[in-house]
1. Throw me the Rg/Rh for the stretch 14-149, computed over C-alpha atoms with Kirkwood Rh, two decimals.
2. Please report the orientation-averaged projected area of the stretch 49-90, defined via the convex hull of its C-alpha atoms, in nm².
3. Quick one: 3J(HN,Hα) in Hz for the stretch 93-99, Karplus 6.51/-1.76/1.60 with θ = phi - 60°, rounded, Gly and Pro as x.
4. Going by average Cβ neighbours within 10 Å, how do the peptides 24-36, 97-109 rank, with the highest at the top?
5. What FRET efficiency do you get for Arg146 and Asp26 if R0 is 45 Å and r is their Cβ-Cβ distance, rounded to the nearest 0.05?
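Derivation of every value follows stated rules applied to the coordinates shown; laboratory data play no part. Every value quoted in this text rests on a predicted model; they were computed, and no experiment measured them. In this analysis, Cβ positions are derived from the backbone assuming ideal geometry, glycine residues included, and neighbour counts consider all displayed protein chains.
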Amino acid sequence: MNNYLRSLTALLLICLTAPAWGTSWDQLAPAERQVLKPFRDRWDQLPQERQERLRKGAERWRNMTPDERQEAKERFRRWRALPPEQREAIRQRFRQFRQLPPEDQERIRNRYRWFRELPPEERRALREKWQGMSPGERREFRERLRSMPPEHRRDFLRREGGRAPGRR
């Protein structure tokens, strides 16, 4: 009985202290190994959570069209070109975004989609106007937009986009 308890205790300690095992490199499908090739030498040492994120990313990559892949490569190139401080600031803003309630996240996503759908010249005009505003003017502008029904916002922003900050 005493040996049984020792063996059981040892087994329990091994199970509790061992890292969670992920998928070994050899267990990956050939298509996954192809996409994840840069991680081959250290794959088996990566934490399971990291392996899962990489596998999901590889799946998304395989499902992309060639144009989408090119766009993703370009975004990654731009990301790598950013100074480390700017990348960290972006990560911090993303962490803050993820802590927002789902309805606020969806509202922000919808506004971003709306902005991206504007013609490039309208986006540029709005961006320039925003950058030229003081903090007080920005606050007033946001409050004015919030008070409008969504269908009126687009017309308002088109009219306002070309005007100087603070002018009506």
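1. Details: Rg = 21.1 Å, Rh = 19.4 Å.
Here the Rg-to-Rh quotient is 1.09.
2. Result: a mean projected hull area of 3.6 nm².
3. 5, 5, 4, 5, 4, 5, 8
4. 24-36, 97-109
5. FRET efficiency, Arg146 to Asp26: 0.20.
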